[in-house]
Amino acid sequence: MNVPCNSLIWNMTRKCNFRCEYCYFPHDNSPVTETLDAGRIKDFLDATGETWKVGLTGGEPFIYPGIVDICETLTQTHVIGIDTNLSVSSKVREFARRIDPARVHNLYVALHIEERERVKGVDAFIDNARLLLDRGFEIIVNYVVHPTLEERFHRDVAFFADHGIGITPRPFRGEFEGRRYPEAYGDRARAIFADHLEQGKKVAFNFEGLPCSAGRTLLRMEPDGTVFRCPGDKTVLGNVMDEVTLYQGCPPCTKKRCPCRGLDHVRLTDAQAALVEGVQFAVVAENDASLTAFEQAMVASPGHPCGENNLGVLAWRRGDRDAAARRFERALKSRPDNELYAANLDGARAGAPDFDPGICLDVNGDAASR
């Protein structure tokens, strides 16, 4: 499928019938009462003259009233993708029967294995996933590899493989025991993500100040129809039930952490693109490929503090503590107020065996975030 470059992320609801411990939404399984007219959304998108991918997300989209009717309306002229836990079996069966797989980019299915086991829903999940696969839908079953699940991850992969269902590891994003993930997987990431290097893209980069077409080619829509520039920038562009004014050109990004889809819309220099690639490889512990990318970034932008720091991280992983300290020192000299560079330098000098230096995510070279 040719996926449209224009993307509307519709946060349909914050309600969900699961209660995963690591979820950033508060659990609320009450009925969804705030709904939108899919016909009005389709008219708005049609009026742009472009084909859009509409990402239906939440919360859980399949608890939304009339969800299959909505999908049918939107797929008349556009493409959809759905983030779902695939637990509402009656709606999944209806969806599989009524919706053309050619108009669905994919179903991004969250396994959430502990919660799935709690509600005794593993068998139903297997049945629903197999139904969709047999009907020709592409489904990506993602497994959030929370640090508490690392030990059982490979057993679960083997179990579902026996049922013809592939599992894609998804990095946990957030803090656990004082460490920020996915950066904190360190070299353990190789055993988890070796066959899924694309998961290195699941990183919240800092693109602040860089030109980005979000607000024109990327939009975020709230449950009440309010349209934001993107998931991170909550600048209101209007309401889809009334009027929406899209941006022109590529105004600079205003946020320090890009939570979603930014790489498809931000405009990067050669050095910045190489830094992004290096971080993506570093997060999944592909250290040789990461080294090559960071070195390319430094050729394109000599002395870039983010590049210096990240080369220091790779040196530390190789066991070259002196080289790591020199890299961290150069990064800090360039940005004396940067807390990440200072913490990395202090840790490298202390030489604690369990020290895990932080990767810089700041592509623009300004203040780093951990």
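The values are calculated or read from the model by the stated rules, or taken from the named source; none is laboratory data. Given the structure is predicted, the values throughout are model-derived calculations rather than measurements. Don't worry about glycine lacking a Cβ; one is built from the backbone with ideal geometry, like all the others, and counts go over all protein chains shown. Side chains included, ligands, DNA and RNA excluded: accessible areas come from the protein's heavy atoms. Shrake-Rupley method; radii C 1.70, N 1.55, O 1.52, S 1.80 Å.
Per-structure values
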read-out: Lys pairs under 28 Å by Cα in the chain, provided they are eight or more residues apart or on distinct chains; value: 29
read-out: Amide H within-cut-off set for Trp52, under 5 Å, with H built and near neighbours excluded; value: Val79
read-out: Ordering of 344-352, 76-84 by packing [mean C-beta count within 10 Å, highest first]; value: 76-84, 344-352
read-out: The chain, helix-only ellipticity at 222 nm - DSSP H runs n ≥ 4, -39,500 (n - 2.57), divided by all residues, nearest 500; value: -10500 deg cm²/dmol
read-out: Anisotropy class of the range 270-350 from Cα gyration tensor, a/c 1.5 cut; value: oblate
read-out: C-alpha center-to-center spacing [the range 138-207, the range 292-347] in angstrom; value: 26 Å
read-out: Over the range 7-194, volume per residue of the alpha carbon convex hull, in Å³; value: 133 Å³
read-out: Surface share of carbon and sulfur [accessible, 1.4 angstrom probe, percent] for the chain; value: 47 percent
read-out: Helix 122-134 vs. the chain, principal-axis angle (Cα, 0 to 90°, nearest 10); value: 80 degrees
read-out: The chain, accessible area per residue, ligands and nucleic acids excluded (1.4 Å, Å²); value: 45 Å²
read-out: Mean Cβ neighbour count within 10 Å, used as a protection proxy, ranking 114-122, 327-335 highest first; value: 327-335, 114-122
read-out: Solvent exposure ordering (accessible area, 1.4 Å, most first) of Arg97, Arg152; value: Arg97, Arg152
read-out: Under Karplus coefficients 6.51, -1.76 and 1.60, residue-wise ³J(HN,Hα) of the range 246-256 in Hz, glycine/proline x; value: 7, 5, 10, x, 9, x, x, 5, 10, 10, 7
read-out: Accessible-area value, Tyr64, 1.4 Å probe, nucleic acids and ligands omitted, Å²; value: 0 Å²
read-out: Between 0 and 90°, nearest 10: helix 287-300 axis offset from the chain longest Cα axis; value: 70 degrees
read-out: 0 to 90° range, to nearest 10: angle between helix 270-283 axis and the chain longest Cα axis; value: 80 degrees
read-out: Calculated from backbone phi, Karplus (6.51, -1.76, 1.60) coupling profile of the range 189-194 in Hz, x at Gly/Pro; value: 4, 4, 5, 8, 10, 4
read-out: Amide proton proximity set for Asn142, modelled H, under 5 Å, gap of 5+; value: Val109, Ala110, Leu111, Thr168
read-out: Inter-probe distance in nm under a simple model that places probes 7 Å from Cα toward Cβ, at Asp242 and Asp69; value: 2.5 nm
